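Input: a single structure, listed below in structure tokens.
The values are calculated or read from the model by the stated rules, or taken from the named source; none is laboratory data. Keep in mind that this is a model prediction, so the values were computed, not measured. Here Cβ is always computed from backbone atoms with ideal geometry, including for glycine, and neighbour counts include all displayed protein chains. Heads up: the accessible areas ignore ligands, DNA and RNA and are worked out on the full protein's heavy atoms, side chains in. Shrake-Rupley method; radii C 1.70, N 1.55, O 1.52, S 1.80 Å.
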Amino acid sequence: MECIFCKIAAGEIPVTPVYHDDEVLAIADINPQAPTHLLVMPVAHHANIAALSDAGDAALTAKLFAIAAKLGRERGANGFRLVMNTGDDGGQTVDHLHVHLLAGRAMGWPPG
Ligand code: 5GP
Ligand code: ZN
């Protein structure tokens, strides 16, 4: 499968992870939209949160958010935003589930 995030998780494309264990990887976004912009993803390939939900891995879902929240608290003294773009209308461009962690500036609402 040609999946850029699977290649990163497998070490085929070198990155310096912000967080890494057997199940979860966090990396800096290549095109940051805020002073802190991390991508928190499962090592295993799931296309998006709907696919992970279908897979029934509630523990992995909880772990992703727990790690994203920990990283967000560490980096966003005044708060942070977690985003999961899902599908075409959701603006998803990489079909390997990832949570965007944005921090370091005040966010606008509604999002575009
Ligand atoms: P999406 O549009 O699917 O919500 O988010 C995909 C994100 O992945 C984008 O913010 C994009 O900048 C980032 N991205 C795409 N390719 C790479 C890459 O090769 N390395 C890293 N670190 N980020 C990437
Ligand atoms: Zn993948």
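Per-structure values
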item	result
Charge context of His46, other residues only, Cβ under 14 angstrom, K/R +1, D/E -1	-3
Net charge of Cβ neighbours under 13 Å - reference Ile8; Lys, Arg +1; Asp, Glu -1	-2
Principal-axis tilt of helix 58-75 within the chain, Cα atoms, nearest 10 degrees	30 degrees
Hz values of 3J(HN,Hα) by residue in region 21-33 - Karplus curve (6.51, -1.76, 1.60), Gly and Pro given as x	9, 5, 10, 9, 10, 10, 9, 6, 5, 5, 10, x, 9
Positive minus negative residues near Thr86 (Lys, Arg vs Asp, Glu; Cβ under 14 Å)	-4
Simple Cβ-charge dipole of region 4-103, Lys/Arg +1 and Asp/Glu -1, about Cα centre, in debye nearest 20	440 debye
Share of carbon and sulfur in the accessible heavy-atom surface of the chain [1.4 Å probe, %]	54 percent
Unit charges at the beta carbon, dipole of region 4-103: most positive-side option, Asn78, Leu101, Ile13	Asn78
The chain - accessible surface per residue (Å², probe 1.4 Å)	59 Å²
Convex hull volume of region 4-103 per residue (C-alpha atoms, cubic angstrom)	95 Å³
